[in-house]
Every structure is written in structure tokens, then in C-alpha cells.
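The values are calculated or read from the model by the stated rules, or taken from the named source; none is laboratory data. As the structure is a prediction and not an experimental result, all values here were calculated from the model. With ideal geometry, Cβ positions are generated from the backbone for all residues, glycine too; neighbour counts draw on all protein chains shown. To get the accessible areas, we keep the full protein, side chains included, count just its heavy atoms, and leave off ligands, DNA and RNA. Shrake-Rupley method; radii C 1.70, N 1.55, O 1.52, S 1.80 Å.
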Amino acid sequence: MKLILNEHHEILKELIGQTIKFGLIPNLYLSSCETYPDEIFYNQTYGHFYSSTLINLRFENHDSSKSWVTFSPGPDEDIKDWAPFWAEKVVSADFNGVNKDTRVFEKELAKKLVTGSNQIELENNFLDTHIDGLGMTRCNLWDNNDPIKKIEILDFSPYAGCIITHESGMEWCMYAEYDFLFWINFSNTMPDNFRQSSYSKITIE
């Protein structure tokens, strides 16, 4: 088993030097305690855990181009190319199947297209300002002027972790239980505990 598939590894490499504008999380659950991947994590204070089945992050490059990347556990499917941690780039998070009902914003898009707006541009930027009624929570947990410096993918079997380090030195982490839930956390101590208890690691700089 690979820790991350080659095509997802390439997506992570592209994120080095980019900034995070915000995240969109479906069915967000906020908790001060969660299931931890190893006993080293117990009896410590980590602040809040943001849990869901995935997270959509809005990235911006130095040339002001924007993209969406969805982070999630590997799917609960019997497929040949599988890994516990997935990073998928989508042309438009508005139309990637995460939303239960797209009619809410398709009507708004249709109105804007009447004015001669570019459809691709609208689709790629629609969720920047329109998320009401789509079942997702907008999370502004990042400094969007702080580029990503390093990404680490770690193995905890049956968990996979990801630590993202920014130019400012800020670190935050995500982890996924195989085929199941997905957590993000912004404490200062959890990334170090991740590194101490992982079986193997992939570093992207």
C-alpha cells in the first residue's frame, strides 16, 4: 500500500509556495476532544478538532491564480489504486458532487451568464462568495498571506496524517481514519506528536 498515490503527490508539490484563502467543510463537527491515532496523543490539550468526511481548500498562487484542492481519506471502495490519504484537484468545487443540490447556485450562475460573464471563471470563483444553503461551513483559519513551505504525509495505520508548515513557521495538521472520518487541528503540539509516533513519512518541500 502506498501512503499517497503519485497523482496526489504531484498535487501536493504544486501547493508549495501557495497560500490558503479559506476552507469549505461539509457537515462540520467541532469538538475539543476526538479519537486520537495513538496513545501518545492522550491527556494533552490540542484545542478544537474540526471533523468531517473531507475538506475543500481554496488556494492562491503568487500570480493570483486560484484553485480548489479536496483532502479526504481514501475512498471506501475496492479499487486497485488506493491510499489512505487523498488530495484531489477539482476544476470547480461548486460542481464536484460534494453538494447535495446544485440548483441553488445554478440559478444564480444563469443570471450572471446573461450579462456575458465567462462561465469557467464564474464556476471557479462562485464559492468565494456563495455558500449559503449548500451544507458547507466556511472556515477562515489561515493567514492568506503565509505561503506553504513544507508538507509531510505520515503513516499511523489505520490513520494517515498530514502536517503543513508555512513560511511564518505556523504548523497545522490533518489526519484521516482509513475509509472514514477526517480531522484538522491547529495546536502547536500535535504536529510534533504526529512525527514522534508515525511509522513512515513522505516530505515535500
Hey, among the residues in the stretch 165-205 that are without any contact (Cβ under 8 Å) to a residue 40 or more places away in the chain and assigned to a strand (DSSP E or B), which one's nearest to residue 40 (Cα to Cα)? 173
Residues that are over 23 Å from residue 188 (Cα atoms): which strands (runs of 3 or more DSSP E) entirely in the stretch 1-73 hold 3 or more of them? 66-73
Being open to solvent by less than 50 Å² (accessible area, probe 1.4 Å) and among the acidic types (Asp, Glu) is the filter here, so list the residues in the stretch 30-48 that pass it. 34, 38
Residues that are modelled with pLDDT under 90, part of a helix (DSSP H, G or I) and either of a type in the set (Phe, Trp, Tyr) or surrounded by fewer than 19 Cβ atoms within 10 Å (Cβ to Cβ) (or both): does the stretch 127-150 have at least one? yes
Checking residue 6 against (1) touching a strand residue (DSSP E or B) at 6+ places or on another chain (Cβ under 9 Å); (2) modelled with pLDDT of 90 or more, which test does it fail? (1)
Residue 153 within 25 Å of residue 82 (Cα to Cα) and in contact with a Leu (Cβ under 8 Å, 6 or more places away or on another chain): yes
